[in-house]
Amino acid sequence: MSDRIPAAGELTNTATMTSDRIVVVQFVVAPFAMYQLSARVAGGEGSIEPRRGTYPGGTVVELAATPADGYHVAGWTGTDDDASVATSNTVTMNGNRTVAVKFAPDVDCNSDGIPDQRNLQDGDSADCNSNGVPDECEPDADGDGLIDACDDRDDSAMERPEVPGPGLGLCGVGFAETLVFSLIALGFLHRRVRRMLLAGDRPGPPKKRG
Ligand SMILES: [Ca+2]
Ligand SMILES: [Ca+2]
Ligand SMILES: [Ca+2]
Ligand SMILES: [Ca+2]
């Protein structure tokens, strides 16, 4: 027998050895917490399972959303991953939980006949800013193929380097062009000099005798 009867949950006690003592401790199974889940569809156009339930603390409950035809998952609240736009999600029951899924009508902004959400899920479209809109549908002001939301450089103001015009100097034209031009000029000069020399050899008009 101990010196005193402990309160429930108390972990220490004493036994004063003034005589033989027999001490007994008793354990009981602690009651574990049970929590309530309530799940709903915000705004309709589909369903969610399970709708409700009672679970031991720490249970990870699988959630499955089923959108109506022509709708897709637009977002979740109260789940382990509210950023998800997938039809499945989880909620960890560390307390009473209320979760909701929201559906939105399918959009086909890139006009390929396939809902854009599926384009993104299938990897046929990129979504660099993670807004659920295929990037080919978003503005690209400078036309470099990178949408404005993901483009940190405006290339529209950049001027293309000027193409040099034809010139006589080596800085304006290439070496080959300069060489060809020089040869043509040399040929022309050669012909000119030759004509001048030939003209000098010709006999002049006969001189009149005085
Ligand atoms: Ca599409
Ligand atoms: Ca996007
Ligand atoms: Ca751009
Ligand atoms: Ca750019």
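Numerical summary
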| read-out | value |
| --- | --- |
| Flag for S2 being of a type in the set (S, T, N, Q), surrounded by 10 or more Cβ atoms within 10 Å (Cβ to Cβ) and either touching a residue at least 40 places away in the same chain (Cβ under 8 Å) or touching a Phe, Trp or Tyr at 6+ places or on another chain (Cβ under 9 Å) (or both) | no |
| Flag if A100 is at pLDDT 95 or above and within 16 Å of ligand 3 (Cβ to nearest atom) | no |
| Some residue of region 87-108 being within 16 Å of ligand 4 (Cβ to nearest atom) and either within 26 Å of L63 (Cβ to Cβ) or in contact with a helix residue (DSSP H, G or I) (Cβ under 8 Å, 6 or more places away or on another chain) (or both) | no |
| Hits in region 124-152 - residues which are near ligand 3 (Cβ under 10 Å from one of its atoms) and touching a Pro at 6+ places or on another chain (Cβ under 7 Å) | I147, D148 |
| Lone qualifier among E45, E62 - being in contact with a Phe, Trp or Tyr (Cβ under 8 Å, 6 or more places away or on another chain) and of a type outside the set (A, V, I, L, M) | E45 |
| Selection within region 100-127 - buried (at least 16 other Cβ atoms within 10 Å of the Cβ) and among the acidic types (D, E) | D116, D127 |
| Cross-chain or 6+ apart pairs with Cβ under 6 Å, region 133-155 first and under 24 Å from G75 (Cα atoms) and touching a residue at least 12 places away in the same chain (Cβ under 8 Å), then near ligand 4 (Cβ under 9 Å from one of its atoms) and part of a loop (DSSP other than H, G, I, E, B) | I147/D140 |
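Conditions (1) more than 28 Å from D135 (Cα to Cα); (2) surrounded by 15 or more Cβ atoms within 10 Å (Cβ to Cβ), marked per residue:
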{"position": "L11", "(1), (2)": "yes, no"}
{"position": "S19", "(1), (2)": "yes, no"}
{"position": "R40", "(1), (2)": "yes, yes"}
{"position": "G75", "(1), (2)": "no, yes"}
{"position": "S88", "(1), (2)": "no, no"}
{"position": "R97", "(1), (2)": "yes, yes"}
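The values are calculated or read from the model by the stated rules, or taken from the named source; none is laboratory data. Computed from a predicted structure; not experimentally measured. Cβ atoms come from the backbone with ideal geometry, glycine included; neighbour counts cover every protein chain shown.
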